[in-house]
Amino acid sequence: MSPRVLILLAALAVAAAPLAAQAPAPKRAARPATAAPSDRDLMIADWERDRDNVLAYAAAIPDSAVAFRSTPGVRTFAQQIEHLASTNAEVAARTLRGVEQPPSFGDSSRYLHERASLVAYARMSYDYVIAAVRAATPAQLARESAMYGQPPATAARWLQLSREHTAWTLGQTVPYLRLNGVTPPSYKLPL
């Protein structure tokens, strides 16, 4: 082939390259359609995961350390669990159920001093929250209310903030466990 023909073929190849890049990609087999979980389904899954994490921490503390304080003037381990669990239940009661207080989940003279009672208390409070979220209508989740001296927010937002508060408070219990010779349970992530 002559050099002119080779140059012409090379020029045509270079000119055609952008056209080939614009050609539609071959069709791939379609993935089966799966329904995305609803916002409520995700909320329920997150609350169930939170419950499992809190219950694992509460079950890990030795009976002898349920009333342990990591330093004078702070809550005991049991009071930390009570604080996060009662806050969650109060938020669900007020924002979703329209009542000022949730029902009682046990006798504080027991659950603040006995691990089994503490675990039962935490489980009942989480069951209350999860049941309230399951039963909530979209309108209930979108209804605004004010609490704790804060501006109004939707029930969904209050529930999200309550879960954030749980993570913060549960994290504070790590020294309680470690100071009593317990390795904190692994925190379950949503993955």
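Readers should treat all values here as calculations from the given coordinates under stated rules, not as data from a laboratory. These numbers were taken from a predicted model, which means no experiment stands behind them. Here the Cβ positions follow ideal geometry from the backbone for every residue, glycine too, while neighbour counts run over all protein chains shown.
Things worth noting here:
- Restricting the stretch 98-107 to residues that are surrounded by fewer than 19 Cβ atoms within 10 Å (Cβ to Cβ) and on the phi < 0 side of the Ramachandran plot, the residue that is farthest from the chain's Cα centre (by Cα) is 107.
- Some residue of the stretch 143-155 being under 21 Å from the mean Cα position of the chain (by Cα), assigned to a helix (DSSP H, G or I) and surrounded by fewer than 19 Cβ atoms within 10 Å (Cβ to Cβ): no
- Flag if residue 110 is surrounded by fewer than 20 Cβ atoms within 10 Å (Cβ to Cβ) and touching a residue at least 24 places away in the same chain (Cβ under 8 Å): no
- Condition met for residue 168 (buried (at least 17 other Cβ atoms within 10 Å of the Cβ), within 21 Å of residue 52 (Cα to Cα) and aromatic (Phe, Trp, Tyr)): no
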